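**Q** Pasting a structure below so you can have a look.
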Amino acid sequence: MFLWGTATASYQIEGAVSEDGRGVSIWDTFSHEPGKVRDGHTGDVACDHYHRWPEDVALMADAGLNAYRFSVAWPRIQPTGRGEVNQAGLDFYDRLVDGLCEKGITPALTLFHWDLPQALEDEGGWLNRDTSGYFADYAAIVAERLSDRVKMWITLNEPIVHMTFGYAMGVHAPGRTLLLDALPVAHHQLLGHGLATAALRANGAEQVLITNNCTPVWPASDDPADLAAAAAYDTMHNRLFNDPLFVGSYPDFSAFGVENLDFIHDGDLATIAQPLDGLGINYYNPTRISAPSTDLLPFDDAGITGYPTTAFGWPVVPDGLRELLVSLKERYGTALPPVYITENGCSYDGIEDQERIDYLDGHIKAIRRAQAEGVDVRGYFIWSLLDNFEWAEGYHQRFGLVHVDFETQKRTPKASYHWLRQLIAE
Ligand code: PNW
């Protein structure tokens, strides 16, 4: 059965940040620091999904959706990231999962969508190798409670974005600006993924996936310097997190001049490269790359022109999704597991959102073309069910199929919601 779903993330929708024993996450800290998030917005209340989840599940059911990707907030389960378990936190997800199952909606549970417990960040966060092991402990706790009903488990969401935005550039929590010195964050997340995969399976999880954000890379020209820069970008954004899983080794980092790889220990790659039941792909747009104009990184983002853009300014290139899927198949061959599009969507204002309808329609057709070219795509999750806290943009970018009035918390299905409902029914 093809999965038709929406996707959300805990910090972006839940609110209730101090309720029922939840600990502090790095996003609580970061969003409350002046100047970090547009207009000082925070996830303190967000969509108040923690209290309003029955209404939100009903919206999914009414649209005919048969799947839902959500994330668990680690600090609700272990307030300090390790040790003692907070039963009230587990109880929340238990209720949510029961609510989904009652409506015939398949839960797809992401364990880490960027809201690391602050106590672990205080010990170095993902720069600290110990975090990988704590992550596996946390995975075991959640699986032990929910794997009787949750079959589909996603370890990490977009480790590339968490590393680059959170640790290299500092525009997301935890706000560190280490540039290429952030590389251990990639390895420790992947190691955590591998350890968690084993812990999940030992605790009854049937399907284990990871979600990577991937992008087709377009060289700005045929100039060898642009081609080399595009290859370096592809290494960092696509291969860094896929090669270890499906080839069993890291790509060549030499373009980055990173000399010290001591953080990679013997045996780590075997832990990372365990067979998976699927690959989650988040696709938003291609990236056009030119030779570097500074010596900070071996590439420049040249920008894409000649395509429509979303309210966020992101180019709309539906065929880029087909291109990406086919290129993954070409690169990894039979090592590539079934693919689930775990996020795709766009930011536009307004309830009469014909642009979103065109966007989704274009991307669904691109998936069909990729399937016709032999890529095994088994699900499509739209980002997002609700307008929500869009990280450093606060509530300014609206990705929802359902409009949220953040004063009253009133939900209003947009034209795209009604369109999708019709599409699924047909
Ligand atoms: C994803 N980029 O993040 C996340 O998984 C979601 O939490 C987020 O709300 C959604 O996409 C929309 O932004 C991304 O700059 C953040 O390429 C940035 C990029 C891509 C994805």
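Listed here are the residues, each with its yes/no results for (1) among the small types (Gly, Ala, Ser); (2) at pLDDT below 95.
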position: Ala273; (1), (2): yes, no
position: Tyr283; (1), (2): no, no
position: Thr294; (1), (2): no, yes
position: Leu297; (1), (2): no, yes
position: Thr309; (1), (2): no, no
position: Trp314; (1), (2): no, no
position: Pro318; (1), (2): no, no
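**Q** Okay, next question. Would you point out the residue of segment 244-268, among those that are of a type in the set (A, V, I, L, M) and surrounded by fewer than 20 Cβ atoms within 10 Å (Cβ to Cβ), that is nearest to the ligand (Cβ to nearest atom)? Working first, answer last.
**A** First pass over segment 244-268, keeping only residues of a type in the set (A, V, I, L, M): 245, 247, 255, 258, 261, 264.
Adding the requirement that they be surrounded by fewer than 20 Cβ atoms within 10 Å (Cβ to Cβ) leaves 247, 255, 258, 261, 264.
Numbers: Val247: 24, Ala255: 20, Val258: 22, Leu261: 26, Ile264: 26 Å.
Filtering first and then ranking leaves Ala255.
**Q** Scan (1) touching a Gly at 6+ places or on another chain (Cβ under 9 Å); (2) in a loop (DSSP other than H, G, I, E, B) for the single condition Gly303 breaks and write down its number.
**A** Of (1) touching a Gly at 6+ places or on another chain (Cβ under 9 Å); (2) in a loop (DSSP other than H, G, I, E, B), only one is false for Gly303: (1).
**Q** Here's a follow-up. Do any helices (runs of 4 or more DSSP H) lying entirely in segment 1-97 carry at least 1 residues that are in contact (Cβ under 8 Å) with a residue 60 or more places away in the chain and away from the ligand (no atom under 16 Å from the Cβ), and which ones are they?
**A** Numbers: elements: 10-13, 26-31, 49-63, 74-77.
Here the list reads 26-31, 49-63, 74-77.
**Q** With the condition being over 30 Å from Val247 (Cα atoms) and within 16 Å of the ligand (Cβ to nearest atom), I'd like the helices (runs of 4 or more DSSP H) fully within segment 315-426 carrying at least 2 qualifying residues. Let's see the steps before the verdict.
**A** Working: elements: 319-332, 354-372, 415-425.
The qualifying helices (runs of 4 or more DSSP H) are 354-372.
**Q** Filter segment 261-300 down to the residues that are among the hydrophobic types (A, V, I, L, M, F, W, C) and not in a loop (DSSP other than H, G, I, E, B) and list them by number.
**A** Within segment 261-300, Leu269, Ala270, Ile272, Leu279, Ile281, Ile289 qualify.
**Q** Within segment 302-349, how many residues turn out to be within 19 Å of Ala220 (Cα to Cα), of a type in the set (A, V, I, L, M) and out of contact with any helix residue (DSSP H, G or I) (no Cβ under 7 Å at 6 or more places or on another chain)?
**A** 4
**Q** Kindly provide the set of residues from segment 211-229 that are outside any strand (DSSP E or B) and either within 16 Å of the ligand (Cβ to nearest atom) or free of Cβ contacts under 8 Å to residues at least 24 places away in the same chain (or both), ordered by number. Before the answer, list the steps.
**A** So in segment 211-229, the residues outside any strand (DSSP E or B) come out as 214-216, 220-229.
Selection gives Cys214, Thr215, Pro216, Asp222, Pro224, Leu227.
**Q** Read through the list (1) surrounded by fewer than 22 Cβ atoms within 10 Å (Cβ to Cβ); (2) in contact with a Gly (Cβ under 9 Å, 6 or more places away or on another chain); (3) within 24 Å of Pro413 (Cα to Cα), then give the number of the only condition that Ala46 fails.
**A** Every listed condition holds for Ala46 apart from (1).
The values are calculated or read from the model by the stated rules, or taken from the named source; none is laboratory data. As the structure is a computational prediction, the values presented were derived from the model and not from experiment. Glycine also receives a Cβ, built like all others from the backbone with ideal geometry; neighbour counts cover every protein chain displayed.
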